[in-house]
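Structure first, then comments.
The values are calculated or read from the model by the stated rules, or taken from the named source; none is laboratory data. These numbers come from a predicted model, not from an experiment. Glycine gets a Cβ as well: all are built from the backbone with ideal geometry, and neighbour counts include every protein chain shown. For accessibility, only protein heavy atoms count, side chains too; no ligands or nucleic acids. Shrake-Rupley method; radii C 1.70, N 1.55, O 1.52, S 1.80 Å.
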Amino acid sequence: MSTDQPRPGSGEPPEDDPFLKKPQEPPAGGAPRNSSPRENGAPRNHAPRGNGTGRNGTGAGEGGAPPPGGPPPGGTPPQGGTPPPGGPQPPYTGAPYGSGPYAGDPYGGQPGPADPLAGMPPLANRGRRLVARIIDAIIIGVPVSVIMTLIVGGVDYFSTDSVEAGRQSTVSGVTMLAYLIYEGLMLSSRGQTLGKMAMKIRVAMLSNGSIPTAQAGWTRAAVYTLPEIVPCCGFIFWLVNVLWCTWDQPYHQCLHDKAAKTVVVSTQTPTQPPTAGTPTA
């Protein structure tokens, strides 16, 4: 009987994938500010008054001022009073900075929404994404153009002759089909094309950071490639598509990313700044 653990299903990412989206960790311990319940209707941050004794009355009630003549015997101030100078200070027991109900708004408003990028690898630089596309276009476009030129003969891309227009359409169609197959296979198998490997970036599912599923990988490749078949309008859509990431927030997605529900992230581990006292080379 084999003792090997079963592999995850086809729709589940492997547990050792270093680019999986990490869950957000809860804030450090400590009660939120002013979160303790009130007792007997007493005002917040004030101890209840003693029986029959006002705040400024005689006889130091609980939370009142110490009696005249100095602290009571034993040197211990009454509860809620001011400790003697130079004495031990009580430990800080409040919530850490940036947590509690006021973490989202320093002026006491409602807490802000969770960071959508929390737990996600750093997003890929837009310049790296552009260079990766150029590398992929050269890898596919140059060999296909050479092969098709040998098959159909020389192609004059500046001619308006019907014969030359037919050759242009044939070469362009075969090039787009080759690029579609290339990108669909590469993204659905490892989340990277050769250009993305060179630029150290990767396509990942937005939901959990795993390698794109087959449906997501082929959808992304099709939305990027196939609209160019449509004359004139196809090029306009392609241009808007690739420029969309320059203003999209917060994930910097192009339209083909939104259609496939993917995001482009960096495969480089961010460097940690040296801590105090750590020698540097």
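Placing pseudo-labels 7 Å out from each Cα toward the beta carbon at LEU117 and THR269 gives an inter-label distance of 2.1 nm. Using the average count of surrounding beta-carbon atoms within 10 Å as a protection proxy, the listed peptides 196-202, 156-162 rank, highest first, as 196-202, 156-162. Where in the range 243-268 does the amide nitrogen come within less than 18 Å of the point 7 Å from the Cα of ALA222, taken along Cα to Cβ? Once the point is set 7 Å along Cα→Cβ of ALA222, 255-262 turn out to lie under 18 Å by backbone N, inside the range 243-268. Sorting the segments 251-259, 231-239 by their mean number of nearby beta carbons within 10 angstrom, highest to lowest, gives 251-259, 231-239. Element breakdown for the range 147-205 at a 1.4 angstrom probe: carbon and sulfur atoms account for 67% of the accessible area. Sorted on the mean count of surrounding Cβ atoms within 10 Å across their residues, most packed first, peptides 214-225, 169-180 read 214-225, 169-180. For a test of the definition: using alpha carbon positions, the gyration tensor, and the 1.5 limit on a/c, classify the range 110-216 as rounded, prolate or oblate. Judged from the Cα gyration tensor, the range 110-216 comes out prolate (a/c at least 1.5, a/b above b/c).
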